[in-house]
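Undergrad: Would you mind keeping the following structure in view while I ask a few things?
The values are calculated or read from the model by the stated rules, or taken from the named source; none is laboratory data. Given the structure is predicted, the values throughout are model-derived calculations rather than measurements. Using ideal geometry, Cβ is built from the backbone for each residue, glycine included, and neighbour counts are taken over all protein chains shown.
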Amino acid sequence: MTGKSKENYNENYLRYIRTQDPPTQHFKNCAAAFGVGGLICCIGQFIRIMLEYAGLTGDELAGSTSVILIFLGCLLTGLGVYDRIGRYAGAGSIVPITGFANSVTSPAIEFKTEGWIYGMAAKMFTVAGAIVVFGVFSGVLVGLLYYFI
Amino acid sequence: MKKGNTVFFKNAPRIISFAAICGTKEKEGVIGEFADIALDDDMYGESTYEKAECKMLTNTIALAIDKASLKEKDVDVMLSGDLLNQIISASFAARDYNFPFLGVYSACSTMSESIMLSAMMVNAGYVKRAVAATGSHFASAERQYRYPLELGCTRPPQSQWTVTGAGGCVIAEGKEGIKIVSATMGRVCDYGVTDVNNMGAAMAPAAADTIMQHFKDTGTSPCDYDMILTGDLGALGSRIVKDLTWEKGYDISENHVDCGEIVYNVIENEFQGGSGAGCSAVVLNSYVLSKMRAGLYKRILFAATGALLSTVSSGQGESIPCISHLVELEY
């Protein structure tokens, strides 16, 4: 009855607990993600248009918009607001650039107690490291495809 | 005397005093008015959450000793553990005291294990008075087992919320207090659950196994007890443990209560309820023992459950072995 030896028993149990699992509310989650994600993008677009009015163009414009959004993401993380948004919006607040800012800032705040170098600086990319690695990797892949086509 | 996995204490060691400290979120729940100290600030005036957890544990132990009208020198040994790596909260709490310290770890069932071991030592006559205590903190557990606090990610509906709090009691020989009649040592159960967010489903088989083992060893049935208290199975785990025991012919649905399920008042982000070593410790050492002392419950089973995983084992895709130790209390 105990232990892993009886594989069938385990499978039966796992099947049984799947029937007991509270259902994930896919529609509600998707709607929240769509709404909040869209709102963040609209804010980004608004900033972009404002900067365009201010006379920025091209790379400068795109860069400044990102920087402002990253700043807002960090600020809201520091104020303890972004995790509340994230809990509600899920992917809607993770996918935009503000989510990336959040994933860097939050471990930095968390591990500050272990010192500036071995704590904050070293642990800053515990969450975002994976995003950077696979982001760069897929960038290279797409770049190669683009080069050969 | 031992029968099966159950040890019977013929000298009936007693819980002569108990104390609990709970956090801000827990204060609003059922234990708020029973806890000795309910914090207004989860940092407890400290600079880090780990220090806050340690301070809660230290103060709980002091309170429990004080409530028994004892002095530090009257205590012979302290058994304690917690969830953090190398049980730092317990060890650091112990450095403030002069009595010997034995560190125990069985995740969230540390409370029942330390009560059981203390009772064994007191019953055997090796020590006169022992302190059993444990605690946990939401923020420190979250950092160790999951993600940084401020990270904006969603929690799955099966997840539970680590309780901020600490509970402890003094176990001594004598004629007064709540009697520890017997204890059932748990076996490690692993039914292959790998989802670290679904602790209730992982731990339920361990709880069911220990509870049923107790019934077998003592020849009792669920209706002999006023309450069968499990540790932190949560709402989902409670349903599963009832099913598992019912399947084997023991119907515990009438008197089963889960600490994790009752600890929070409003289920908002906690989903299935509370978890953590502090969960069973706080609920037992405030609400349950107070009610027992008031005569509301005569005979209860306390089976805290623990998931013996680490971030390394779950990262390597291992399933979650779980354990549950049980103590039988009578007043």
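Undergrad: Might you let me know whether the range A:117-133 holds any residue that is β-branched (Val, Ile, Thr), within 9 Å of another protein chain (Cβ to nearest Cβ) and either over 19 Å from the mean Cα position of the chain (by Cα) or within 26 Å of A:Gln25 (Cβ to Cβ) (or both)?
TA: There is at least one residue in the range A:117-133 that is β-branched (Val, Ile, Thr), within 9 Å of another protein chain (Cβ to nearest Cβ) and either over 19 Å from the mean Cα position of the chain (by Cα) or within 26 Å of A:Gln25 (Cβ to Cβ) (or both).
Undergrad: Moving to a separate point now. Taking into account only those residues within the range A:84-111 that are at the interface with another protein chain (Cβ under 7 Å from one of its Cβ atoms) and under 19 Å from B:Pro156 (Cα atoms), which is surrounded by the most Cβ atoms within 10 Å (Cβ to Cβ)?
TA: If we take residues in the range A:84-111 being at the interface with another protein chain (Cβ under 7 Å from one of its Cβ atoms) and under 19 Å from B:Pro156 (Cα atoms), then A:Ser103 is surrounded by the most Cβ atoms within 10 Å (Cβ to Cβ).
Undergrad: Right, another one. Identify, by number, the condition in (1) aliphatic (A, V, I, L, M); (2) exposed (fewer than 11 other Cβ atoms within 10 Å of the Cβ); (3) closer than 25 Å to A:Ile85 by Cα that A:Met120 doesn't meet.
TA: (2)
Undergrad: In the range B:82-108, how many are under 12 Å from B:Ala133 (Cα atoms) and aliphatic (A, V, I, L, M)?
TA: 5
Undergrad: Taking the condition of being surrounded by 22 or more Cβ atoms within 10 Å (Cβ to Cβ) and within 14 Å of chain A (Cβ to nearest Cβ), how many residues in the range B:214-241 meet it?
TA: Number of matching residues: 7.
Undergrad: On to the next question. List the number of the failed condition for B:Tyr44; all other conditions in (1) touching a residue at least 24 places away in the same chain (Cβ under 8 Å); (2) away from chain A (no Cβ under 14 Å); (3) more than 30 Å from B:Gln213 (Cα to Cα); (4) out of contact with any strand residue (DSSP E or B) (no Cβ under 6 Å at 6 or more places or on another chain) hold.
TA: It fails just one condition, (1).
Undergrad: Sticking with this structure for a sec: For the range A:127-149, which positions are farther than 30 Å from B:Glu150 by Cα and in a helix (DSSP H, G or I)?
TA: If the condition is that a residue be farther than 30 Å from B:Glu150 by Cα and in a helix (DSSP H, G or I), then A:Val140, A:Leu141, A:Val142, A:Gly143, A:Leu144, A:Leu145, A:Tyr146, A:Tyr147, A:Phe148 are the ones that fit.
Undergrad: OK, next. Among helices (runs of 4 or more DSSP H) lying entirely in the range B:18-104, which contain 1 or more residues that are closer than 19 Å to B:Ser114 by Cβ, modelled with pLDDT of 90 or more and not acidic (Asp, Glu)?
TA: The qualifying helices (runs of 4 or more DSSP H) are B:49-67, B:88-94.
Undergrad: Could you give every pair whose Cβ atoms fall below 7 Å, whose first residue belongs to the range A:67-83 and is at the interface with chain B (Cβ under 9 Å from one of its Cβ atoms), and whose second residue is surrounded by 14 or more Cβ atoms within 10 Å (Cβ to Cβ) and of a type in the set (D, E, K, R), counting only separations of at least 6 or pairs across chains?
TA: Every condition considered, the pairs that remain are A:Thr77/B:Glu150; A:Gly80/B:Glu150; A:Tyr82/B:Glu150; A:Asp83/B:Glu150.
Undergrad: Something else: I'm told B:Asn59 meets every condition in (1) closer than 29 Å to B:Ser182 by Cβ; (2) buried (at least 17 other Cβ atoms within 10 Å of the Cβ); (3) under 19 Å from the mean Cα position of the chain (by Cα) except one. Can you identify the failing condition by its number?
TA: (1)
Undergrad: Counting just the residues of the range B:93-139 that are of a type in the set (Ser, Thr, Tyr) and surrounded by fewer than 24 Cβ atoms within 10 Å (Cβ to Cβ), which one comes out nearest to the other protein chains (Cβ to nearest Cβ)?
TA: Among those residues, the one meeting the criterion is B:Tyr105.
Undergrad: Moving to a separate point now. Is it fair to say B:Ile211 is in contact (Cβ under 8 Å) with a residue 60 or more places away in the chain and within 14 Å of another protein chain (Cβ to nearest Cβ)?
TA: Yes; evaluated as a whole, the condition is true for this residue.
Undergrad: I would also like to ask the following. Would you please name the residue that is surrounded by the fewest Cβ atoms within 10 Å (Cβ to Cβ), looking only at residues in the range A:1-29 that are modelled with pLDDT of 80 or more and in a loop (DSSP other than H, G, I, E, B)?
TA: The residue in question is A:Pro23.
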